[in-house]
Amino acid sequence: MTPQDPGSEQDSIRKRQRDRARLMALLLGGFVVLMFAITIAKMSINQ
Amino acid sequence: MTSLPLARDRAITASSSDLFALTKPRVMSLVVFTGLCGLLAAPVAIHPVLGFAAVLCIALGAGGAGALNQWYEVDLDSAMKRTANRPLPAGRMSHQTALHFGVGLGVFSVLLMGLATNYLAAAILAISILFYVLVYTVWLKRRTAQNIVIGGAAGAFPPLIGWVAATGEISALPVLLFAIIFLWTPPHFWALSLFVKSDYAKAGVPMLPVVAGVTTTRRHILLYTLPMVAAAVAPWAMGLTGWIYGFAAIALNALFLILALFVLANRATEPARMRPEKRLFAFSILYLFVLFGALVADRWLVA
């Protein structure tokens, strides 16, 4: 088995970090939209 | 750019697909479907946004419970061929990441459920997560062959949660839906455990075929199928559903019973010759999807 090149290992780590950061941004954006929609739905029910 | 110490970075490099795999997406699909059916079968229409939020919470709660289960069972998972490639035993994720992810998902799902629907639904969701993690995973799974009989309750909660999210109260039909999944779990898992017995034995999990043998397990499958059939037909017999559900329940349960009898008649001990068990396992998944689908069709087309 050949040891993995440290440069490519770091690239792979950076890629995974970017991937997770992008997912986190999407989830946070989704959460904001969901909270807004829940608030509007609750307000429309209580009217 | 500074260099990254590799040992430390193990903790932060789990990919999003590994995090997704930690939630047991295949189990989650069944949980989401039965939860959605409980919600749609309720006599009270829920606002679509709140209904979506309720199903999302059920999915996130199940995902959190699945993540905590994998966090606790990493030693078992690494010993079994079927689970050895999961993110934790394969070393693609740190234990701490899995723990934080599981607790975070679980707590978030309960809070959001309380906020979007009602506190009773949130409380039942919390109980289902805690039941799966503490009662099934930590307490029962490694101690008794009855692990999935009692632990099956954890997977039976979703239709009840869906119903309560819509109505705010518990009544006879959602309790029967709970009973159906609760009684369906043992034959479903025992059929699987018969043909992956060596995997469980290797990992030291006291599943019924490992502890009591294949003949006893086959007898137990049939024994547990009988009350399941009764629970599945009961909603129609009690007049809680219409003819669509009644017809589906009778047909599906007759087929389940026949397949359970084929399992009982099988004498094979090698997995390669366990076709009746594999057939029952595959059918049991279809059974639940079609039965709950019929419940919703019945509510929307007949009622």
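Overview of values
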item: Once the Cα gyration tensor of chain B is diagonalised, semi-axes √(5λ) in Å; result: 32, 28, 14
item: Residue of B:Val32, B:Val49, B:Val214 that the Gaussian network model of chain B assigns the largest fluctuation, springs spanning Cα pairs under 10 Å; result: B:Val49
item: Theoretical ellipticity at 222 nm over chain B - DSSP helices of four or more residues, -39500 (n - 2.57) apiece, nearest 500; result: -24500 deg cm²/dmol
item: For segment B:13-53, fraction of C-alpha pairs farther apart than 13 Å, in %; result: 64 percent
item: Relative contact order for chain B, counting Cα pairs under 8 Å that sit 6 or more residues apart, in percent; result: 19 percent
item: Gaussian network model of chain B, springs between alpha carbon atoms under 10 Å - residue of B:Ala166, B:Ala237, B:Ala156 with greatest fluctuation; result: B:Ala237
item: Volume in Å³ per residue [convex hull over Cα atoms, computed for segment B:171-303]; result: 96 Å³
item: GNM top mover of B:Lys24, B:Lys278, B:Lys202 - chain B, alpha-carbon springs below 10 Å; result: B:Lys202
item: Kirkwood Rh and Cα Rg combined as Rg/Rh, segment B:31-149; result: 1.03
item: Cα gyration tensor, segment B:232-291 - rounded (a/c under 1.5), prolate or oblate; result: prolate
item: Gyration tensor verdict on the protein assembly as shown (Cα atoms; rounded if a/c is under 1.5, prolate if a/b is larger than b/c, oblate otherwise); result: oblate
item: Kyte-Doolittle mean at least -1.0 and Cα axial length at least 30 Å: DSSP H helices in chain B; result: B:48-72, B:95-116, B:147-167, B:172-195, B:214-237, B:243-265, B:275-301
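Values in this text are rule-based calculations from the coordinates and carry no lab data. None of the values given here were measured: they were computed from a predicted structure.
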